[in-house]
Amino acid sequence: MATEVEETIKRIQAHKGVMGVVIVNHEGIPIKSSLDNATSVLYAGLIGQLTEKARNVVREMDSTNELSFLRVRSRRHEILIAPDREFILIVIQNTSD
Amino acid sequence: MKKFKIGTYRQSNYAYTKLRKTFGRQPLFQIVPAHIIDSINSDVELHKEYVLRNPVHREIQATLPQSEHDTNTKQIVMHEQGINHTEGGWPRDVHLYNEDHLNRHRRRVQHEDNYVHSILNMRPQIEHFIDQNNAIDMYQTYFADMEARAPVEKYNVQIANVFRDPFCRPVSSIAWTDEKRAKLVASYCHKNFQESETNEKNVCYVWDINKQTSPVQEFSPTHGCWQVVCAPLESDILITGLVNGTINVFDIRASSNPVSSSSIYNSHFAPITALRYTHLRTNTEFFTGSPDGQCLWWDKRNLSKPIDRLLMSVKLEGNEAPSFTNSEGVSSLEFDRGLPTKFLCGTESGLIINANRMGRSHSEVLTSYWNAHTGLVRAVQRSPCTLRMFISCGDYRVRIWSEEVRTAPIIVTNPYRSEVTDVCWAPLRYTSYMAVTEDGVFHYWDLIRKYHQPTAKLRVSRHGLNKLMPHPKGQSIGVGDNVGSLFLLHLSENMISSGPNDKQLMHQIYNRETKREHNVDTRFKEQRLKMRVETEPTAEINEDEENNSIDDLEQLTKEYLNTVQEEMGEIGGILNGRFSLI
């Protein structure tokens with residue numbers, strides 16, 4: 001099972017344009033990351049908060065609704081955030097091609 | 001040392017007995033009536049020891065009693081400080097700076113069941129989006145290089161302002177002054193043909209379009225005013241045509257009374273129903289029309305008598321001379337600067353007469369006429385687009401005519417539900433015209449866009465509207481109604497100016513309609529001719545006979561005269577020169 005996870009992460013990283021993958025738990029600690037520690041910690045802290053906020057927004061607008069995916073597109077790259085109940089999967093992809 | 005006599009004073013004490021077994025019980029108090037336990041009488045002897053003190057010195061201060069009290073609270077020391085969150089969330093036992101601990105914790109989490117399931121669940125979703133991003137650039141600006149389309153034309157007419165006549169007289173005429181910030185001039189008059197006995201106010205107003213409460217200026221003609229016109233280029237001179245047929249000229253700067261007026265003997269015999277300026281160059285000539293059947297030309301500087309007069313008689317028979325008995329009353333006039341020698345005249349009998357001032361004889365002056373309406377022609381106006389096309393209104397209809405076609409109007413619309421009181425072309429927009437009716441509705445028509453119904457309609461007033469005058473720039477329109485309210489309407493941008501092809505299209509419409517009428521006319525004539533030819537064979541025979549009889553007659557007369565001559569010769573020519581050959 002653990003190897004499957006490893007394999008998944010490797011596959012994701014192998015996609016075209018993917019710059020990095022970070023897995024964050026609900027407490028804000030990066031469990032697995034392909035970037036260096038400092039960057040991972042940064043991503044973990046900031047994106048964790050953003051996801052929480054987004055989740056709240058969707059919930060408040062319609063209580064039967066829930067956040068399924070979040071994309072933050074910037075000039076240089078795009079951050080794809082897949083939230084889960086406990087973990088958050090973050091992929092940073094380069095879009096300017 | 002004084003000795004106190006104790007005397008009768010005894011120590012007061014009260015003794016009671018309590019059983020030991022009742023010790024410790026709660027005291028149960030009872031309310032008992034008062035009873036004297038002891039009384040101490042006053043000792044008169046002691047009075048002698050005391051003396052009354054009089055006067056008594058007493059110090060008093062008349063101030064508010066004040067007191068001072070101080071406390072000291074505990075001081076809270078405040079201090080601002082930022083916190084830098086670098087990393088957190090690690091559980092208690094894991095130390096941040098201990099790599100081993102961190103890794104161990106991480107590995108522990110990775111082996112949780114929850115973790116594996118979550119990641120495997122999230123995987124397809126994220127792969128989908130990664131692929132999507134790689135496939136297309138979803139967030140680019142699409143259609144960036146497409147040009148914007150022209151906005152949809154929304155027709156909007158709204159009432160910008162209302163000016164009310166305090167005396168509630170119907171509006172008889174509206175004019176715009178010729179200046180940058182044009183003002184509205186309105187005249188009010190009850191249009192009864194007899195001059196009313198009651199001294200009705202004849203005052204007319206000049207309104208500033210922004211000030212609704214009271215007019216900027218007032219002017220008072222001597223009698224009820226039926227027509228008012230502003231001088232072109234001079235914004236202070238107004239010319240009014242009155243109910244008794246005379247003209248009053250006003251200079252607003254000078255006074256509210258007329259500067260000059262024409263004499264009643266030289267003016268019309270009936271109220272002036274139409275007044276127009278002619279000839280831009282001199283700027284002082286104008287002409288008037290009235291139901292008495294004549295048009296008079298005046299010079300503003302000298303109103304003592306008219307410069308020229310013209311009797312509007314068109315239906316003359318044979319050699320009849322034009323006179324007041326056979327002339328048509330004039331109800332509206334139209335003069336356009338583009339055709340300085342011609343003008344159009346609408347009559348009370350429903351004709352529109354085309355007049356050319358440069359004609360030499362009366363019939364050349366009044367060149368032609370059209371049977372326009374049943375009832376008086378309330379307004380005639382040439383189109384600013386094509387001067388050969390003009391619009392007229394009267395009874396329940398509005399009709400558009402061409403000068404070239406004599407028989408019928410070239411464009412007609414359905415009759416209105418109530419009488420149409422005034423119509424005019426939109427000044428800058430070649431394809432539109434506006435009409436007002438007796439039921440208080442303002443109609444705006446655009447002949448290119450919608451042919452069968454007005455493009456915009458607005459219920460302006462509960463009472464009938466009777467006058468309409470657009471500002472030459474086209475944006476504001478003054479509309480007057482039967483109780484003296486003068487409405488200022490504003491049109492939306494697309495109703496004022498023309499589109500790029502409008503003039504061309506309008507010309508096309510004009511040409512097409514004229515041609516159609518021509519064709520209809522020629523066809524009709526052909527039909528009539530054909531019918532006449534068919535009935536001719538019988539007619540021809542009759543004619544021949546007639547011819548024969550005429551020839552016979554001539555021959556007979558000739559023979560007779562010859563015989564007479566011979567006889568005369570025989571007699572001897574005494575009375576030769578006396579007879580003339582018939």
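The values are calculated or read from the model by the stated rules, or taken from the named source; none is laboratory data. Values in this document were obtained by computation on a predicted structure and should not be read as measured data. Because the Cβ atoms are built from the backbone with ideal geometry, glycine has one as well, and the counts that use them run over all protein chains shown. With ligands, DNA and RNA removed, areas are computed over all heavy atoms of the protein, side chains included. Shrake-Rupley method; radii C 1.70, N 1.55, O 1.52, S 1.80 Å.
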Can you give me the distance in nm between label points at B:V56 and B:T341, each placed 7 Å from the Cα along the Cα-to-Cβ direction?
13.1
The FRET efficiency for A:T3 and A:L42, from their Cβ-Cβ distance with R0 = 25 Å and rounded to 0.05, is 0.30
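Restricting attention to chain A, which GluC sites (Glu not before Pro) occupy a DSSP loop and are surrounded by at most 11 other Cβ atoms within 10 Å?
Numbers: sites: A:E4, A:E6, A:E7, A:E27, A:E52, A:E60, A:E66, A:E78, A:E86; in loops: A:E27, A:E66, A:E86.
Counting only loop positions with at most 11 other Cβ atoms within 10 Å, the GluC sites (Glu not before Pro) in chain A are A:E66.
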Once you put a point 7 Å from the Cα of B:V152 and another 7 Å from the Cα of B:D178, both along the Cβ direction, what distance in nm separates them?
4.3
Buried area at the B-A interface (accessible, heavy atoms, 1.4 Å probe, summed, Å²)
3200
Under the Karplus relation with 6.51, -1.76 and 1.60 and θ = phi - 60°, whole-Hz ³J(HN,Hα) for the stretch B:415-429, x at Gly and Pro, equal x, 7, 7, 9, 5, 8, 9, 7, 9, 7, 7, 6, x, 10, 10
Over the stretch B:71-208, what number does the Rg to Rh ratio reach, with both radii from the alpha-carbon atoms and Rh per Kirkwood?
1.56
For B:Y265 and B:F29, calculate 0.36 nm times their separation in residues minus their Cα-Cα distance, and state this gained length in nm to one decimal.
72.3 nm
Using helices alone, what [θ] at 222 nm do you get for the protein assembly as shown, with -39,500 (n - 2.57) per DSSP H run of 4 or more residues, divided over all residues and rounded to the nearest 500?
-7500 deg cm²/dmol
Hey, can you list the residues from the stretch B:119-135 whose accessible area shrinks by 40 Å² or more with all protein chains present, relative to the chain by itself (probe 1.4 Å, no ligands or nucleic acids)?
B:I119, B:L120, B:M122, B:R123, B:Q125, B:I126, B:E127, B:F129, B:I130, B:N133, B:N134
Of chain B, which part is the longest with no GluC sites (Glu not before Pro) in a loop (DSSP not H, G, I, E, B) and with at most 11 other C-beta atoms within 10 angstrom?
B:321-582
For the stretch A:17-94, compute Rg over Rh where Rg is the Cα radius of gyration and Rh is the Kirkwood radius from the inverse mean 1/r over Cα pairs.
0.98
For the stretch A:62-76, take each phi angle, set θ = phi - 60°, evaluate the Karplus expression 6.51 cos²θ - 1.76 cosθ + 1.60, and give the result in whole Hz per residue in order, putting x for glycine and proline.
8, 6, 8, 9, 8, 6, 10, 7, 9, 10, 10, 9, 10, 4, 8
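Please compute the length gained on full extension between B:R309 and B:L120, using 0.36 nm multiplied by the number of residues separating them and subtracting their Cα-Cα distance. Can you show the working numbers first?
Values: separation 189, 0.36 × 189 = 68.04 nm, distance 10.50 nm.
Extending this stretch completely gives an extra 57.5 nm.
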Residue by residue through the stretch B:301-311, the couplings from Karplus 6.51 cos²θ - 1.76 cosθ + 1.60 with θ = phi - 60°, in Hz, x for Gly and Pro, are 6, 9, 9, 5, 8, x, 6, 8, 9, 9, 8
Kirkwood hydrodynamic radius (C-alpha pairs) into Stokes-Einstein, chain B, 10 °C and 1.306 mPa s, D in µm²/s
46
Restrict the search to the stretch A:32-97; then list the chymotrypsin sites (Phe, Trp or Tyr not before Pro) that DSSP places in a loop and that have at most 14 other Cβ atoms within 10 Å of their Cβ.
A:F69
Taking a probe of 1.4 Å and leaving out DNA, RNA and ligands, the protein assembly as shown shows per residue an accessible area in Å² of 64
Output the 0 to 90 degree angle, nearest 10, between the alpha-carbon long axis of helix B:113-135 and the longest principal axis computed from the alpha carbons of chain B.
30
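Run through the stretch B:153-235 and list the chymotrypsin sites (Phe, Trp or Tyr not before Pro) located in a DSSP loop whose Cβ has at most 15 other Cβ atoms within 10 Å. Let's see the in-between values first.
On the way: sites: B:Y155, B:F163, B:F167, B:W176, B:Y188, B:F193, B:Y205, B:W207, B:F219, B:W226; in loops: B:Y155, B:F167, B:F193.
Loop-located and lightly packed - B:F167, B:F193.
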Modelled label-to-label distance, B:D208 and B:A144, 7 Å Cα→beta-carbon offset: nm?
5.2
On each of the three principal axes of the Cα atoms of the protein assembly as shown, give max minus min coordinate, whole Å, ordered largest first.
205, 115, 55
So which of B:K450/B:K503; B:K211/B:K473; B:K300/B:K467; A:K10/A:K32; B:K201/B:K473; B:K300/B:K342 end up more than 22 Å apart, counting from Cα to Cα?
B:K300/B:K467; B:K201/B:K473
